[in-house]
Every structure is written in structure tokens, then in C-alpha cells.
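Here is the structure we will look at.
The values are calculated or read from the model by the stated rules, or taken from the named source; none is laboratory data. If you're wondering where the values come from, they're calculated on a predicted model, not measured in any experiment. Positions of Cβ are generated from backbone atoms using ideal geometry, with glycine treated the same way; all protein chains shown enter the neighbour counts.
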């Protein structure tokens, strides 16, 4: 396996990203190490090849945003919008993540070992998100599809106006948002949760220690009480 | 946007190089705030009967020597005037109220940026690198500092609108964000006898805290009242004689990241501004939670 190293102290990030956006056939299977990220924004965004990328430190905003196929590991923390609008692949943050992680992500898996900030998985559209720590307020706001696993606690307004995404929380929830309610976990959902725990490196955590949350579906439909408004 | 930086040096050996440590922090926030920059520097205190007055002239041609002579002649008291580009620090043991009214009468064109025993304030328009160069930030010595890079969104780009703002002696504040109720706060506070110098929203937050503390609140209580009354987005970083304090609004709209190390505590809007700090790899790096108050004492 070929390993390529890029040092952001000496090489402009734009050049590194342009290289990573090259023809997939020439990139597939490459192992890339990015050194001295030092909080730069937009590292490894828009990937669409079978790359295995390790960022050796703290990343800035939108790291691995719009990711497809690639595996990106951030050894430090990630700024706002990590894996935003991810389509597929895996993004693994070993530290904490700031606000709006996995916002609008369509597919793939985002693993955050530490805590995640406010609005995590906001407008989630089908990706899986596993947070080892706690998440901030307004997480999973209007989340449409996908699975969101929180090993720690959740802040205020969890799952406000949620559609069909599934939320699993092991710790406490400060408050639920409008139209979000407790759910009974089906055998099928338990399997989804168990598989995600294994994929995210939490094989030792019991899936039965989670409470599931989802949509009460009262905001979906026209309510007859509002008929007088027309 | 705007960028904030703060640095409190715990290791006394490193205090002589606080300016050098801070400079890349401030310049690192240029993209967040390219139009003006400011710095509040806390250093050795003057003797207990003296005060330092940070003055801004707007022009490097200002005759500071004449100001010193006029001051001593009119008020029959010694004063030390140390000019630095558009700024000067005047040190005297005359009452602040007397100094303020003398300045207003004889030098109305000057802005009084701060009064204190430890704190000097420098703020001006230009990129952070230009402002730092103009005032030689690199060679500043001291214990702690609060800095700001501004991208103006709601009021004019002038030195007076730049941060930090002060509310009382050796007390300053910088702000990243915007307040939606600054005008109503200003009306309320003016009715309470609080004077404003600009129409800037950050000044409204600053004067609000000044008013709360005048009413007997300590900083923590004042900030708790602030959570109720300040409507908008904010990360506020404050400096006092012996501490730095930080709060974020309930929605965490504006960023902040903290590095706690045995030698220092460093705060910035983004990690980019902390990456160069010595031994940062061994610092505890974390993001402050909304509506929590973080305080670091010397």
C-alpha cells in the first residue's frame, strides 16, 4: 500500500485538495497522511475515491465535507460542519467535534469519539452518526432519515420537528423538541444499533442500555382543528 | 464575523514574551476580522495612587509633548506621556474625573480608551498585522491580554467602534457576534445615567454589565442577568485585573476554543490561532459550552 504524506506547514491546502480530487482510478487504494493541519478549514472536502486519509491533529471547519467513498480519520478535534452533506464513506473524529457535525448528511458513517457540539446531525438525510460522548442542544433538528447514536447525554430540544430518523441515547436527555417522543425499540432497530456500536468501536456497550426516540408524526399531517383558518 | 483572542500566562518566565506569543494568535484571526484590531494588555501596575489613561488621537502627528506640558501647567501636577503612533498612555496621580473633564475641555478631539492601573488599550483600523506593527504589540510584556479582530457588520469602521470596550477601571470586553436589542438596551441604560460613546452593539453589552456591577452584582451575577437581557449572538471575552472570563450565548452561535496548559491559558475563536503555541500538543483543548461561565485567575 502506497502512503503519501502532505505537510500543510509547507504545502498549500488547495494543492492537497486538488490532488485528492484527481482521477479516482489513480487515487483508489492510496493511503494519505496530512500533517500539521493546525485547524485549517476544508481539509479533504469533496472526496470521491477509495482513499484512506489520516489528519494528524485538529481540523477546522467542514473537514471531510461532502465525502463520498473515502475513509477520513481526524486524530484531533474537528471544527463546525465536519462531514457536512456526506454521501458515503466513513469519517472518524478521535477528539471532539464542534457544531453541526454531519449536517444534512445523506449516507456513510460519522464516528465522533468525544463530545459533539450543538445541532449535531441537523437535517440528517440518511447517514449514520455515532457519538461516544454527549451532544449539544438542538441536535437532530428536522432529521429526516438515518440513525443517530449518542452514548452520553443530549442537550435541549433533541429531535425537534424530526421526521423518520432514529435516535438512540444512552444517557440523559435535557429536553425533547416538538414532536419528538420515546419509542419502543423493535428487534430490527436493536440490530441497527448493535451493528453501529460495533462499527464505531463500542462493541462492549450493551444495545439494551439505550432509549430510542423518534417522531410522534403529529406535525406531518394537516390537523383538522386548523380548518377554520382557511 | 470577528475574531477574539485571549492569553493568560501562568509561567512568570514567559510573561516577557506575551506579545510574541500573542501576535500569531491575532494575525491568525485576520480572515475573521480584517478591518480593525485591538488589544487590552495587563502589565505591571502603576503605584497605588496613580492611574494610566489610554488616549487615541487618530493621527501620528499629534503633539503629545504639548499635551503633557499643558496638563502639567493647567493642573500643576506631574504627568508622564508615552506616545505610540496614534495612541499615548498618560500616567498621573490626579483623580480620573478631573483628568476626564480636563481632556474634554482642552482636547475634545482625543478619545479616552481606558483608565486603570494595569491595563493599556490599543485599537485602530487596519489589518491585525498592520495594527500590531503600528503599536509594536510583539514587544509587549505582561500577565494577560484580550484581543479582537473586527469585521464590522452593524456600525461604522472607526477606531472608536473597534474592540476592546471598557466598563470601569482595568476592565474590558471583546465580542464576536451581534446583538438585536442594542438600541433598547442603550435607551434603558441612558435612563439609568450610563453614558455611551458610540452606537456599537458591543458597547451596549459592555455598558449593561457596567450598570449591573454598579448596582452591586459581581461579574458572575452580572453575566447571569446578561443571559436574560442580551438578545442575539455572542461570545464575550472579558479581562479584569487578575482574570479572564468567557461566556457564549445559549445557541452557541459564535465559536470559541480553549487551550489550558500548565504555562498558559489561551482562548481564540478558532484553533488556527492556537496551533503555534509552545507545547500545545500537551494542552487540554476544548470547546466551551453555551451559557456557562469560564473564569481563569492569575
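Listed values, structure above:
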quantity	calculated
Filtered residue count, the stretch A:75-95, keeping only those that are within 12 Å of chain B (Cβ to nearest Cβ) and either closer than 23 Å to residue A:9 by Cβ or surrounded by fewer than 24 Cβ atoms within 10 Å (Cβ to Cβ) (or both)	7
Residue in the stretch B:273-293 that is under 20 Å from the mean Cα position of the chain (by Cα), more than 14 Å from chain A (Cβ to nearest Cβ) and in a loop (DSSP other than H, G, I, E, B) present	yes
Subset tally (residues that are within 23 Å of residue B:114 (Cα to Cα) and out of contact with any helix residue (DSSP H, G or I) (no Cβ under 6 Å at 6 or more places or on another chain)) for the stretch B:246-265	1
The lone exception for residue B:132 - which of (1) assigned to a helix (DSSP H, G or I); (2) surrounded by fewer than 20 Cβ atoms within 10 Å (Cβ to Cβ); (3) in contact with a strand residue (DSSP E or B) (Cβ under 8 Å, 6 or more places away or on another chain) it fails	(2)
Checking residue B:67 against (1) buried (at least 20 other Cβ atoms within 10 Å of the Cβ); (2) closer than 18 Å to residue B:166 by Cβ; (3) outside the structural domain of residue B:248 (by TED's automatic domain parsing), the condition it does not meet	(2)
Subset tally (residues that are away from chain B (no Cβ under 14 Å) and touching a helix residue (DSSP H, G or I) at 6+ places or on another chain (Cβ under 9 Å)) for the stretch A:59-74	2
The one condition in (1) out of contact with any helix residue (DSSP H, G or I) (no Cβ under 6 Å at 6 or more places or on another chain); (2) assigned to a loop (DSSP other than H, G, I, E, B); (3) buried (at least 18 other Cβ atoms within 10 Å of the Cβ) that residue A:10 fails to fulfil	(3)
Index of the failed condition, residue B:31 passing every other in (1) modelled with pLDDT of 95 or more; (2) under 18 Å from the mean Cα position of the chain (by Cα); (3) not in a strand (DSSP E or B)	(2)
Residue match in the stretch A:209-230 (condition: free of Cβ contacts under 8 Å to residues at least 40 places away in the same chain and surrounded by 17 or more Cβ atoms within 10 Å (Cβ to Cβ))	no
Count - residues of the stretch A:28-53 that are more than 14 Å from every other protein chain (Cβ to nearest Cβ), surrounded by fewer than 20 Cβ atoms within 10 Å (Cβ to Cβ) and over 17 Å from residue A:79 (Cβ atoms)	9
Number of the condition not met by residue B:46 [criteria: (1) touching a strand residue (DSSP E or B) at 6+ places or on another chain (Cβ under 9 Å); (2) more than 13 Å from residue B:268 (Cβ to Cβ); (3) not in a loop (DSSP other than H, G, I, E, B)]	(3)
Qualifying residue in the stretch A:170-191 (condition: surrounded by 13 or more Cβ atoms within 10 Å (Cβ to Cβ) and part of a helix (DSSP H, G or I))	yes
Criterion (more than 14 Å from chain B (Cβ to nearest Cβ), under 21 Å from residue A:191 (Cα atoms) and either more than 13 Å from the chain's Cα centre (by Cα) or not in a strand (DSSP E or B) (or both)) met by exactly one of A:143, A:102, A:123	A:143
Among (1) under 25 Å from residue B:179 (Cα atoms); (2) buried (at least 17 other Cβ atoms within 10 Å of the Cβ); (3) free of Cβ contacts under 8 Å to residues at least 60 places away in the same chain - the single one residue B:250 does not satisfy	(2)
